[in-house]
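First comes the structure, then the notes that go with it.
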Amino acid sequence: MQALLETINRKVNDAGGVLNVRESKKYRQKYRELLKKADIECPEPTRSPKKGKRGRIKRSKSRNLLERLRDFENETLRFMETDYVPFTNNLGESDIRMTKVQQKISGCFRSMEGALIFCRVRGYLSTCRKQGVSSSQALSLLFDGKLPDFLVQE
């Protein structure tokens, strides 16, 4: 599955951000075939004959992943049909990482205003980084009362 998804990502990048309908259907079919094979290798657990067991049946991590890939097929493959959806969520996770680190170190923010200021600064620096402006350059511009070129509206 990992190899298939990475292949699709390469094809999407080669195609300029979006696959055509024919290729998209071809890869969806391969995706579903892999899920069917995985379903055979990792079958759904059956209820144990022991009396007294209630609630949901425990599933393995691989079974949980298989079910999520099957149930959220559109979300998993959205990157091949929508140009602004990235292949991974690494940027989103890295954006919130510093907030969690700050929270872990200090325990909490002392005030809501302090939390808002922290988030505003982190958001500005993150946006600048994504636009190719270094953090030091972004802060220098800010302290000089200027904005980076991508924020200047003409």
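Please treat every number below as a calculation from the coordinates, not as lab data. Computed from a prediction, not measured in an experiment: that's the story for all the values here. A quick note on method: Cβ atoms are made from the backbone with ideal geometry, for glycine too, and the neighbour counts reach across all protein chains shown.
Some observations on this one:
- All C-alpha to C-alpha distances of segment 113-154, sorted into 5 Å bins beginning at zero, yield P(r) values of 5, 24, 29, 26, 12, 3, 0 percent in whole numbers.
- Tilt relative to the chain, helix 21-41 - C-alpha long axis, 0 to 90 degrees, to 10: 50 degrees
- Under the combined filter of DSSP loop state and at most 11 neighbouring Cβ atoms within 10 Å, segment 122-154 retains these trypsin sites (Lys or Arg not before Pro): LYS146.
- Under Karplus coefficients 6.51, -1.76 and 1.60, residue-wise ³J(HN,Hα) of segment 58-74 in Hz, glycine/proline x: 5, 10, 6, 4, 5, 5, 4, 4, 4, 5, 5, 5, 6, 6, 10, 4, 4
- Segment 69-107 versus segment 9-37: alpha-carbon centroid distance in Å: 21 Å
- Of LYS25/LYS61; LYS36/LYS61; LYS37/LYS58; LYS100/LYS130, those spanning more than 26 Å from alpha-carbon to alpha-carbon: LYS25/LYS61
- Shape of segment 75-154, Cα gyration tensor, a/c cut at 1.5: oblate
- Between 0 and 90°, nearest 10: helix 2-15 axis offset from the chain longest Cα axis: 50 degrees
- Coil-residue chymotrypsin sites (Phe, Trp or Tyr not before Pro) of segment 65-154, DSSP, other Cβ within 10 Å capped at 11: PHE72, TYR84
- Candidates per trypsin sites (Lys or Arg not before Pro) in segment 1-109, loop by DSSP, up to 15 other Cβ within 10 Å: ARG47, LYS50, LYS51, LYS53, ARG54, ARG56, LYS58, ARG59
- Cα-based convex hull volume of the chain per residue, rounded to whole Å³: 206 Å³
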